[in-house]
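Input: a single structure, listed below in structure tokens.
The values are calculated or read from the model by the stated rules, or taken from the named source; none is laboratory data. Everything numeric in this text was worked out from a predicted model, so none of it was measured. Note that each Cβ is placed from the backbone with ideal geometry, even for glycine, and that neighbours are counted across all protein chains shown. Heavy atoms of the whole protein, side chains included, go into the accessibility calculation; ligands, DNA and RNA do not. Shrake-Rupley method; radii C 1.70, N 1.55, O 1.52, S 1.80 Å.
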Amino acid sequence: ANNYTILQIIMEEPLDLIRLSIDERIYVKCRNDRELRGKLHAYDQHLNMVLGDVEETVTSHEIDEETDEEIVKKATRTVGMLFVRGDVVVLVSPPLRTS
């Protein structure tokens, strides 16, 4: 059996991708311009997740009143353990190699 066939057997449902990422670092894009990178400890069928060693980045957009230019601000914090509610999750993937 080639790798594609093995992947087909292992991944029959979308949540199988999440299951294969247990104890791995993942990237989670959330609503309201919030991004999380952390180690996946647990999840459920609603995509509620517990992440460890989390780096959270929140992007905010403001308009400079004098120049009318958009100002993009990124705020980053590190959290030891985080519960993520599934209904804020937009996308889950292996960590994007951006940094």
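The figures follow:
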quantity: Test set (1) open to solvent by less than 80 Å² (accessible area, probe 1.4 Å); (2) farther than 22 Å from Pro14 by Cβ; (3) polar (S, T, N, Q) - Asn32 fails condition number; calculated: (1)
quantity: Residues (hydroxyl-bearing (Ser, Thr, Tyr) and modelled with pLDDT of 95 or more) located in the range 76-93; calculated: Thr76, Thr78
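Residue by residue, here is whether (1) open to solvent by 80 Å² or more (accessible area, probe 1.4 Å); (2) in contact with a Gly (Cβ under 7 Å, 6 or more places away or on another chain); (3) among the hydrophobic types (A, V, I, L, M, F, W, C); (4) on the phi < 0 side of the Ramachandran plot holds:
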| site | (1), (2), (3), (4) |
| --- | --- |
| Ser60 | no, no, no, yes |
| Glu66 | yes, no, no, yes |
| Ile71 | no, no, yes, yes |
| Arg77 | yes, no, no, yes |
